[in-house]
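Notes follow the structure.
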Amino acid sequence: MIPTYQVVLAGGTVLYVGFFLVQTIWTSYKNRQKALALSCKPAHVAPSGPFGLFAFYEVSQAVKNKTWLPWIETQFRKHGNTFIRPVLGRSIIMTSEPENVKALLATQFSDFGLGNRYEHFLPLLGDGIFTLDGNGWSHSRALLRPQFSREQVADIHQLDEHVGHLLTHIPTDGSAFDIQELFFRLTLDSSTEFLFGESVNSLVNSSYTNSGVPVKSINGQMGFEDAFNLSQDYLAARTRAQSLYWLINPKAFRDANRICHQLVDYYVNMALDPKANKDFKSTQERDRYIFLEALVKDIRDPKLLRDQLLNILIAGRDTTASLLSSVFYSLAHNPKVWAKLRNEVVSKFGTIKEPKEEITFSSLKDVTYLRYVLDEALRMYPPVPLNARTALKDTTIPVGGGPNGASPIFIPKGITVSYSVWAMHRRTDLWGPDAAKFVPERWEGGKMRGWQYVPFNGGPRICLGQQYALTEAGFVTVKLLQTFENIENADPRLGDPLINTNVTMSHENGVHIKLLSGSKAQ
């Protein structure tokens, strides 16, 4: 005889499964009725295996092999510019359509939010501008926007010292080196000085910072650089895991977060404490802007200050270093572009030995080909190549439905729409048959690409630091072009570069080049 509790358990299980099936069928029916009323048509569903397990495996392998971005690009070629991808029991809308991106970021901004990003990024970034939605985000943006005014961005003189440190690491005999590594250290140094009033000076300092955290890993202790990179790797893994993000929280991740927090907390406490170290406080007497000093006028909560600073540090360090790395990767593979750009730079600013005009925020804008090169690098290698929004209510996106993809698609509340900036920037129907080639001349005539070109996002959440990143990247590029006559690719690997993608993108194998000057530039 079967025990009573087993009978009850079995009956309860049957009832639960039955209720779940009925609810699923009813929800599906209601969604079809809503879609019909809105003239929506279904999008193509990409085969993904039971519960999307095959798709999850393919994504995992592509991430492991650093081919995730090209793999996604091939998926759009195979399934269309908008399609549904079931993954781990959930359906995700994938799109590379400018009209859909415009809807997500601007015209239907209030219909979409960040989904689980807050939970995904919380351990490192907390309550910051990149993690918050709604009123929290609006308040953060209102606080931070004034800190990126033209007056602050235009002050690029402090970069000179850091570029000087960078130049000491470049071989003078024309031998090969990885310039990407140097760019990430350069932007860390410039960003920490801009944010904290004191640079960690990673280009000149390999020991401990004033916070007690080493810049680089030393004597078995993880350094800030490694901790910051490792934390972002885990943030990306948590994002890919979607609702199962909580499974990814190992000790290495927690340790890395603690180290990042320790360094930033040091500067926050110094700014909040009226009796703080005089050497630190003396930076106020240098008549230059310090992000943190301005921020503490409005925020006194040390955790909120730390969260906002870490959010901005990712943008200031990682996106600018990513852009610079892609610029010099592209220049090393296109010597004619280097020659043309250098000719314009030298004509305007002279060389390091024989300078002409001062490099300023305004004078950088006069070198139009420099902006073309930066724009083209951002097109081919957008620092944030993938992004997503989740529906806050039942809504639609403009195109992608029906057999020709011209009809709107119904998006039920809670469904995520992932948009690939990488794939959209490389569509031949949008950019021409040479879309996969680095051609700065495509930007001649002031042609702006609208919503098919969004390296800094768009709409209300457009990147606050856009001009800061472009100014720093332009300044550094000009300085290197003034110093060196020629560039050569020093990476023997053929084909497209492997791309590492966590919160931002970088070149997996670095950017190995040779920079030549004088008699060596033959």
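Could you please find all residues in segment 105-117 being of a type outside the set (Lys, Arg) and either at pLDDT 95 or above or within 16 Å of the chain's Cα centre (by Cα) (or both)?
The answer is Leu105, Ala106, Thr107, Gln108, Phe109, Ser110, Asp111, Phe112, Gly113, Leu114.
How many residues are more than 13 Å from Ile156 (Cα to Cα) and either out of contact with any Ser or Thr (no Cβ under 9 Å at 6 or more places or on another chain) or free of Cβ contacts under 8 Å to residues at least 12 places away in the same chain (or both) if we restrict to segment 461-476?
4
State whether the residues of segment 479-493 include one that is more than 20 Å from the chain's Cα centre (by Cα), at pLDDT below 90 and surrounded by fewer than 21 Cβ atoms within 10 Å (Cβ to Cβ). Break it down into steps so the answer makes sense when it comes.
Going residue by residue through segment 479-493, those that are more than 20 Å from the chain's Cα centre (by Cα) are 479-493.
Filter once more, keeping what is at pLDDT below 90: 492-493.
Imposing the further condition that a residue be surrounded by fewer than 21 Cβ atoms within 10 Å (Cβ to Cβ) reduces the set to 492-493.
There is at least one residue in segment 479-493 that is more than 20 Å from the chain's Cα centre (by Cα), at pLDDT below 90 and surrounded by fewer than 21 Cβ atoms within 10 Å (Cβ to Cβ).
Against the condition touching a strand residue (DSSP E or B) at 6+ places or on another chain (Cβ under 7 Å), of a type outside the set (Asp, Glu), closer than 22 Å to Trp246 by Cα and surrounded by fewer than 17 Cβ atoms within 10 Å (Cβ to Cβ), how does Ser91 come out, does it pass?
Numbers: touching a strand residue (DSSP E or B) at 6+ places or on another chain (Cβ under 7 Å): yes; of a type outside the set (Asp, Glu): yes; closer than 22 Å to Trp246 by Cα: yes; surrounded by fewer than 17 Cβ atoms within 10 Å (Cβ to Cβ): yes.
Spelling it out, Ser91 is indeed touching a strand residue (DSSP E or B) at 6+ places or on another chain (Cβ under 7 Å), of a type outside the set (Asp, Glu), closer than 22 Å to Trp246 by Cα and surrounded by fewer than 17 Cβ atoms within 10 Å (Cβ to Cβ).
What are the residues in segment 450-477 that are over 17 Å from the mean Cα position of the chain (by Cα), small (Gly, Ala, Ser) and buried (at least 20 other Cβ atoms within 10 Å of the Cβ), if any?
Gly474
Please give the number of the condition Ser407 fails out of (1) out of contact with any helix residue (DSSP H, G or I) (no Cβ under 7 Å at 6 or more places or on another chain); (2) within 30 Å of Phe183 (Cβ to Cβ); (3) of a type in the set (Gly, Ala, Ser).
If we test Ser407 against (1) out of contact with any helix residue (DSSP H, G or I) (no Cβ under 7 Å at 6 or more places or on another chain); (2) within 30 Å of Phe183 (Cβ to Cβ); (3) of a type in the set (Gly, Ala, Ser), just (2) comes out false.
Here are some residues: Val373, Val399. Which one is within 30 Å of Lys41 (Cβ to Cβ), among the β-branched types (Val, Ile, Thr) and at pLDDT 95 or above? Steps first, please.
On the way: Val373 fails: within 30 Å of Lys41 (Cβ to Cβ).
After applying the criteria, what remains is Val399.
Leu167 versus (1) among the aliphatic types (A, V, I, L, M); (2) in contact (Cβ under 8 Å) with a residue 40 or more places away in the chain; (3) touching a strand residue (DSSP E or B) at 6+ places or on another chain (Cβ under 9 Å): which is the lone unmet condition?
Only one criterion in (1) among the aliphatic types (A, V, I, L, M); (2) in contact (Cβ under 8 Å) with a residue 40 or more places away in the chain; (3) touching a strand residue (DSSP E or B) at 6+ places or on another chain (Cβ under 9 Å) is unmet by Leu167, namely (3).
Could you tell me which residue of segment 494-511 is surrounded by the most Cβ atoms within 10 Å (Cβ to Cβ), considering only residues that are part of a loop (DSSP other than H, G, I, E, B) and aliphatic (A, V, I, L, M)?
The residue in question is Val511.
Evaluate segment 434-449: report whether one residue or more is touching a strand residue (DSSP E or B) at 6+ places or on another chain (Cβ under 9 Å) and crowded, with 18+ Cβ neighbours inside 10 Å. Can you show your working first?
Let us first name the residues in segment 434-449 that are touching a strand residue (DSSP E or B) at 6+ places or on another chain (Cβ under 9 Å), namely none.
No: segment 434-449 contains no residue that is touching a strand residue (DSSP E or B) at 6+ places or on another chain (Cβ under 9 Å) and crowded, with 18+ Cβ neighbours inside 10 Å.
Among the residues of segment 411-438, which ones are in contact with a Ser or Thr (Cβ under 6 Å, 6 or more places away or on another chain) and among the aromatic types (Phe, Trp, Tyr)?
Passing the criteria: Tyr419, Phe438.
Could you check, for segment 77-84, whether at least one of its residues is among the hydrophobic types (A, V, I, L, M, F, W, C), at pLDDT 75 or above and more than 24 Å from Phe410 (Cβ to Cβ)?
No - not one qualifying residue is present in segment 77-84.
Please go through segment 429-448 and pick out each residue that is in contact (Cβ under 8 Å) with a residue 60 or more places away in the chain and not acidic (Asp, Glu).
Leu430, Phe438, Val439, Pro440, Arg442, Trp443
State whether the residues of segment 447-461 include one that is farther than 30 Å from Pro398 by Cα and β-branched (Val, Ile, Thr).
no
Find all pairs meeting these conditions: Cβ atoms under 9 angstrom apart; at least six residues apart or on different chains; first residue within segment 99-126 and free of Cβ contacts under 8 Å to residues at least 12 places away in the same chain; second residue crowded, with 19+ Cβ neighbours inside 10 Å and hydroxyl-bearing (Ser, Thr, Tyr).
Leu122/Thr131
Of everything in segment 321-340 that's among the polar types (S, T, N, Q) and closer than 18 Å to Leu166 by Cα, which residue is nearest to the chain's Cα centre (by Cα)?
Ser322
Go over the candidates Val101, Val59 one by one and state the one that is within 21 Å of the chain's Cα centre (by Cα) and at pLDDT below 90.
Exactly one of Val101, Val59 is within 21 Å of the chain's Cα centre (by Cα) and at pLDDT below 90, namely Val59.
The values are calculated or read from the model by the stated rules, or taken from the named source; none is laboratory data. Fair warning: this is a prediction, and the values are worked out from it, not measured in the lab. Note: ideal-geometry Cβ built from the backbone for every residue, glycine included; neighbour counts use all protein chains shown.
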